[in-house]
Amino acid sequence: MAQREVEHTSDGRWIVVDGRRWRRQDPALPDDVAARLTSHLGRARAAVRTARREGTEDRLRAARDRVGLAKRGLGERGTPWWEQSPAERETRWTEALARLDGQAPPEPG
């Protein structure tokens with residue numbers, strides 16, 4: 001799959017992909033936290049695809065909720081990260097990870 005061209009807005013808060021603006025991941029995220037949240041996001045997106053194929057509404061809703069929680073942890077949804085204090089930002093990603101780990105524990109490896 002070809003890598004898409006990604007540009008950043010001058011204020012650093014947004015990325016632009018194929019002409020569409022998306023909120024950028026919180027740049028204050030520690031690398032290990034960003035990797036864990038991104039892993040949860042990928043696994044939740046895969047769960048959405050599986051639930052769609054199987055036609056299970058409860059599983060689909062739960063998987064979509066996990067996607068939203070991972071995106072909030074990354075700072076891509078909810079209160080914009082640039083409007084949060086450093087303590088609020090850390091609380092956001094710490095709570096998101098705790099909930100995600102409880103719902104879908106990390107894969108051993």
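The values are calculated or read from the model by the stated rules, or taken from the named source; none is laboratory data. It should be emphasised that the depicted structure is a prediction, and the values quoted were computed from it without experimental measurement. FYI the Cβ positions are ideal-geometry reconstructions off the backbone, even for glycines, and counts take in every protein chain you see.
Miscellaneous remarks
- The set of residues from region 15-55 being free of Cβ contacts under 8 Å to residues at least 60 places away in the same chain and under 24 Å from residue 87 (Cβ atoms) comprises 23, 24, 25, 27, 30, 31, 32, 34, 35, 38, 41.
- Some residue of region 85-101 being in contact with a Phe, Trp or Tyr (Cβ under 7 Å, 6 or more places away or on another chain) and surrounded by 11 or more Cβ atoms within 10 Å (Cβ to Cβ): yes
- Scanning region 57-87 for residues that are without any contact (Cβ under 8 Å) to a residue 24 or more places away in the chain, in contact with a helix residue (DSSP H, G or I) (Cβ under 9 Å, 6 or more places away or on another chain) and within 12 Å of residue 26 (Cβ to Cβ) turns up 78, 79, 84.
- Search result, residues across region 43-80 that are exposed (fewer than 14 other Cβ atoms within 10 Å of the Cβ) and basic (Lys, Arg): 49, 52, 53, 61
- Of all residues in region 24-42, those that are in a helix (DSSP H, G or I) and surrounded by 18 or more Cβ atoms within 10 Å (Cβ to Cβ) total 6.
- For the condition more than 18 Å from residue 77 (Cβ to Cβ), out of contact with any Pro (no Cβ under 6 Å at 6 or more places or on another chain) and at pLDDT 95 or above, residue 46 qualifies.
- Which listed residue is in a strand (DSSP E or B) and at pLDDT below 95, from 21, 52, 59: 21
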